[in-house]
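Worksheet: one structure, shown below.
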2 protein chains.
Amino acid sequence: MRRVTVHITLKEGVLDPQGKAIQESLNSLGYEAVEEVRVGKYMELMVEETADMEQRVKEMCDKLLANPVIEDYRFDVEEAEVL
Amino acid sequence: MRRVTVHITLKEGVLDPQGKAIQESLNSLGYEAVEEVRVGKYMELMVEETADMEQRVKEMCDKLLANPVIEDYRFDVEEAEVL
């Protein structure tokens, strides 16, 4: 079993109103040092290991997990401890 | 300027219906090797450096970014390249 961690972020130049709202909230709470916030998604997938796993994960990101028009993604595959 | 990356994940044992829906969608698309999906948030904050920055980021997570009742968080501080 492998743990695949996926980071999905908005492409540079794509507006992030959610991040902007968080930044303004932080500023108004007194955290003026925060100058920008960008919000993305983080997923952990437990995947049974196969030879073509990396290719399959890439497909999953392209087809379902991310929107390639406005989002970038990256993923890492790690050994998952079996409990 | 520092880039602070924040990962917010559901605590173990907290149900994740969004992750479950993604897992079932992946399975029905033919990715049967995916056995579990957990969804979290990922944020990048650009923060002006101060001496107590780590403490301030911890406060921001506790007060606004995460819900400590059901979520865990972790963060890393890196040097941000100035463009």
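Computed values, structure above
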{"item": "Residue in the range A:38-58 that is outside any loop (DSSP other than H, G, I, E, B), in contact (Cβ under 8 Å) with a residue 12 or more places away in the chain, of a type in the set (G, A, S) and on the phi < 0 side of the Ramachandran plot present", "result": "yes"}
{"item": "Residue ID - least open to solvent (accessible area, probe 1.4 Å), chosen from residues in the range B:1-25 that are within 9 Å of chain A (Cβ to nearest Cβ) and not in a strand (DSSP E or B)", "result": "B:G19"}
{"item": "Qualifying residue in the range A:63-74 (condition: farther than 21 Å from B:M46 by Cα, within 11 Å of chain B (Cβ to nearest Cβ), at pLDDT 95 or above and open to solvent by less than 50 Å² (accessible area, probe 1.4 Å))", "result": "yes"}
{"item": "Any hit, the range A:42-60, residues being open to solvent by 40 Å² or more (accessible area, probe 1.4 Å), at the interface with chain B (Cβ under 10 Å from one of its Cβ atoms) and of a type in the set (V, I, T)", "result": "yes"}
{"item": "Any pair with Cβ under 8 angstrom, 6 or more apart, that starts in the range A:26-37 at a residue that is within 7 Å of another protein chain (Cβ to nearest Cβ) and ends at one that is β-branched (V, I, T) and surrounded by 14 or more Cβ atoms within 10 Å (Cβ to Cβ)", "result": "A:L26/A:V34; A:L26/A:V37; A:A33/B:V47; A:V34/B:V47; A:E35/B:V47; A:V37/A:I22"}
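The values are calculated or read from the model by the stated rules, or taken from the named source; none is laboratory data. Fair warning: this is a prediction, and the values are worked out from it, not measured in the lab. No Cβ is skipped: glycine too gets one built from the backbone with ideal geometry, and neighbour counts run over all protein chains shown. The area values use the complete protein model at the heavy-atom level, side chains included, leaving out ligands, DNA and RNA. Shrake-Rupley method; radii C 1.70, N 1.55, O 1.52, S 1.80 Å.
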